[in-house]
Amino acid sequence: MSGLSPRDEPGRPRRWRRRVVAVILGVLASLVFLELLVRLVTFVHGSLQTWGNREGIDPDAYVILCIGESTTAAGGEDSYPAQLGAILNEHGEGTRYRVVNLGLHGADSSLLMARLEEQLGLYQPAMVVAMMGANDVGRAGAIPQGPAPMAESQSFLDNFKVYRLAKQLLFELEDREDARPGPSPAGPPPGMRPTGGMPPDGGMPGGMPGGMPPDGGMPGGMPPDGGMPGGMPGGMPGGMPVGMPPDGGMPGMGPGGAMAPGMGLFDRPPAGPVPAGGDAAPGNGGALPPALRYALPVPTDKPPQEVQIDLGFLEKIPESARAFAVLAEAADKEGLFATAEQFARKALALDPNLSDMQILYGRLLFSRGRLEEAEQVASRATVAPELRAPLLNGLATAYRGNGRLADARRMLAIGCDESFGETLRSRFCAQLLYSYLEAGMNQEARELALRAFEDRAGTELVMSAQHFFEQSGEKEKAAELGSRLHESGQRELPPATRQAYAFLASTLAERGVKLVSVQYPTQNVAPLAAAVAPWPEVKVVDNEELFLEALRTVPYDALFVDRCYGVFGHATRRGNRLLAGNIARAILGKAIEVKPDE
Amino acid sequence: MSDFLGGLRIAARKTVSFWKEASWLIRQEKAFFLAPLLIMLLLLAIFVVYFGQSALMTFIYAGL
C-alpha cells in the first residue's frame, strides 16, 4: 500500500469526498452526454427530413406544403402529398409543382401550428394544404402563436432535452404498464385516442418505423393553454389570441363555454412545455391519470411569497361587496393569493351570492390545499352549474393529487349527476368512468357506461363507454356507440381544430399564401367550411361524398389500411390517390381525370 | 433450445464479467466518474431492448 498517498489512507474522509465529487461529475457528464445525444438524434433526423423535402426544389417551382398528422405523413410515395405532386405536374399545364410532405405522426393541430412559422420561412410556399384535427379529439387547447410564445410557456427545465426525454420515457413506461392485459378493461387501448390516434403499434404500413410514441401525442406539442389550466371559469386571461372561435365561444374554452383544456379523457400529457400550474406542481405527478393530470393546479405546501401591503386604506372605503370583489380579483391577478383570499372572503361575507367570488374563493382555497373548505364553497355555491364545474373538477384533481381517490370520485360523481350541459356532464362522467376502471370498480363502470346510450350522453362519455365495451368484449355495444360518435363528429369540429384553422387562415392571409383546407375522407365538410368561412379565399375540399361513393363500389380495405379514426383511417395508395385527385381539382380549379391506381 | 440457453448463459456470463471488470477498473484507476456513465449506458441499453425501434422515435420527439 506504499503507493497510496497519505491523503488516500483508509478512513480519511477526504477520500470519500473525492469519490463523491467524482461521481457527481460523472452524473453531470452523463447528463451532458445524453443531452447532446438527444439533440444530435433530433438534428440528424430533422436535417434528413428537411434535406429530403428540399431536394429538387427549384426557385421557379410552385411550392405546396402539406401539413397534417399521420394521414398526411404516412405512406412515403403512396402518401397523398406525393401523389398530389405527380397529379399536379401531370395536369398543371407547364407549371412545375413541388409538393412537400410536412405531415407529422401523431401531431395535433396545436403542434402543427407551432411549427408553422418555421416551415413557412424554410420553404417559402405559395400554398398550404392542411388536413388536420384528427388528433384533437379530447383536446381543447388554445393554439400557440408560433415558437416564441410557446417558448415562454415552457418551464426552465423544458429547455433541457434530457429532461423532456426523461418525461417521455416515464410516459412510455406508463403506457406499457397500461397496455398489460388485466382482468378488467383498463381504459383505452394504448396508443389510441378514443376516436382517433395512431394504431396501437404506433406506426402504419409504409409509415415511420416504430411509429410514434404510444400516447399518440407529441412532446413539445402542448400549447400554452392560456387560460386557467383545467378550465377555470370564463374571463380568465389567455385563451385563443387570434380572435374568437367561430362558434362564438369563449377563447380558450371548450365547447359549451365552460370547461376548457385539460379535461380531455385519456389525453396523454406530452413531454413538452408544461401548462402553468400543471405537472410542475408538487404532488401532481405520476399518480394522476392522464385525464386529470393537467386539469388544475394541485395544492402546494408552500404558499407563494407575497408582498406585504398595508391594507389600512380599506377602512376608508365603503363596505361594498363589489369593491372587495374587484380588489380580490386584482390581488389574484397579481399573484397575491392570501390577500385575494381575504378580499374574497370579505366580499362573500357582504354578499354571499357573488358568483365570481364564490369561484375565486373556492379556487384560492383548493390551490392552497384547503380542500374541505373549498368543497364547502363548491357545495354552497349558488352560481350557474357551468361555473361550478371548474371547482368540482379542480377538487377532484386536488384530491387525486393527495391520493384521496374516493373523494376525487365523489367530486366527479357530483359533476356527472349535475344539471350541467351535455358537454360538461359528459366530461365528468367520462373521467368518473376512467376512475372506476382504475379502481377496479367494474360494475359501477359498466352502469355508467350504459348511460352513454341515453339521448344526451355527450361525446366524451360515449367515447369512454365505447372503449369500455370494446375492452370488455361487448362488441355490439361498442359498435353502436361508434356509429353514434360518427354522427356527432359530423356535427362539429373539435375546438382546437377550429382554432387551428382560424390561426392558419389568418397567418397565411397575412403572408399572401393560399390555403386549401381538406376535410377527412367520409367526413362532412360543413364544420370545416364554417371554421374558415371568415376567409373566403380559402378553398375547402370536400371528401365525404367522393369516398362514400367509392366505398359503395370497393371494399373498405381498398381505401384504408385501418379504422383508427372510427369511420376512416390511414389511406391506402388507392385511397390517397382519390384524395390527391380531389385536392388537385380544387387547386387547379378544373375537372381533371385521375386514373385510379389499382 | 439448448443452443439458445447455452448462448444465453454465455451472454450472461460475459455481461457479469464485463461489469466485474468495469467495477474493478473504476476502483483500480479511481475513475469514479465513470460509474454514472456506465450506469447510464446500461439504462440506455435496457431502454433500447425494451422499446425496440420506437426508442429512436422517443429520442426524436424528446428533442423536438
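Annotation: the residues A:Y123, B:Y50, A:Y501, sorted from fewest to most other C-beta atoms within 10 Å of their own C-beta, follow the order B:Y50, A:Y123, A:Y501. Counting only other chain Cβ atoms within 10 Å of each residue's Cβ, the peptide A:18-26 averages 5.
Evaluating 6.51 cos²θ - 1.76 cosθ + 1.60 at θ = phi - 60° for every residue in region A:16-25, the Karplus couplings come out as 5, 4, 5, 5, 4, 4, 4, 5, 4, 4 Hz, glycine and proline recorded as x. Taking amide H positions as modeled 1.01 Å from N, with prolines and chain starts lacking one, the residues under 5 Å from A:F560 and 5 or more places away or on another chain are A:T572. DSSP loop GluC sites (Glu not before Pro) in region A:441-539 with at most 11 other Cβ atoms within 10 Å of their Cβ, which ones? Loop-located and lightly packed - A:E454, A:E537.
Fewest neighbouring Cβ atoms within 10 Å first, the residues A:I64, B:I46 line up as B:I46, A:I64.
Electrostatic bookkeeping for A:M127 treats Lys and Arg as +1 and Asp and Glu as -1; over the other residues with beta carbon under 12 Å from its beta carbon, the sum is +3. Counting Cβ atoms of other protein chains within 10 Å of each Cβ in A:105-112 and taking the mean gives 1.
Per-residue ellipticity at 222 nm, computed for chain B from helices alone with -39500 (n - 2.57) per DSSP H run of at least four residues, works out to -30000 deg cm²/dmol. Net charge in the neighbourhood of A:L365 (other residues with Cβ under 10 Å of its Cβ; Lys, Arg +1, Asp, Glu -1) is 0. A simple count of charges around A:I587, restricted to other residues whose Cβ falls under 9 Å of its Cβ and scoring Lys, Arg +1 and Asp, Glu -1, yields +3. The ranking of A:K477, B:K30, A:K590 from fewest to most other beta carbons within 10 Å of each one's beta carbon is A:K590, B:K30, A:K477.
None of the figures in this text is laboratory data; all of them are computed from the coordinates on show. Only a predicted model underlies this, so the values are computations on that prediction, with no experimental measurement involved. Note: ideal-geometry Cβ built from the backbone for every residue, glycine included; neighbour counts use all protein chains shown.
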